[in-house]
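Worksheet: the structure to be examined is printed underneath.
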Amino acid sequence: MGLCQGPCEGKVSAAEYARHVRSIKLILEGKKDDLYRHLRADMEDLARRKDFEGAGRVRDQIRAIGALYSGTGMLIIIKRRSNCKGPWPGTGAHARRMF
């Protein structure tokens, strides 16, 4: 899938990896307000340290999470399979949600 950040190979700092894990945990727990609060604090801290590229990445994460919670930006792939009854009886379609 190409989503591993490579913390075991030192491709990402332990602090940055911990922030990502915290964000994922908050998403899975449904704690949207806490997630936004933490990300906003991270973005402001990065901007204060003049890491504007890092702050921009966090800003983009905030926008992506907003799309996730609003239902936009969600890609639904429907793949027709003759042997798959799918989630809707009689359609022969199989749907997967991807973020």
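Let me spell it out: the conditions are (1) farther than 17 Å from residue 65 by Cβ; (2) in a helix (DSSP H, G or I); (3) charged (D, E, K, R), and residue 37 meets all of them except one. Which number is the exception?
(1)
What are the pairs with Cβ atoms under 6 angstrom where one residue, in region 36-60, is of a type in the set (Asp, Glu) and the other, located anywhere, is crowded, with 16+ Cβ neighbours inside 10 Å and assigned to a helix (DSSP H, G or I)? Sequence gap at least six, or different chains.
Matching pairs, first to second residue: 42/58.
Looking for something polar (S, T, N, Q), over 18 Å from the mean Cα position of the chain (by Cα) and modelled with pLDDT under 90 - is there at least one such residue anywhere in region 81-88?
Yes; the residues of region 81-88 include at least one that is polar (S, T, N, Q), over 18 Å from the mean Cα position of the chain (by Cα) and modelled with pLDDT under 90.
Filtering region 2-34 down to residues that are on the phi < 0 side of the Ramachandran plot and assigned to a loop (DSSP other than H, G, I, E, B), which residue is surrounded by the most Cβ atoms within 10 Å (Cβ to Cβ)?
Among residues in region 2-34 that are on the phi < 0 side of the Ramachandran plot and assigned to a loop (DSSP other than H, G, I, E, B), the one surrounded by the most Cβ atoms within 10 Å (Cβ to Cβ) is 12.
The values are calculated or read from the model by the stated rules, or taken from the named source; none is laboratory data. Only a predicted model underlies this, so the values are computations on that prediction, with no experimental measurement involved. Note: ideal-geometry Cβ built from the backbone for every residue, glycine included; neighbour counts use all protein chains shown.
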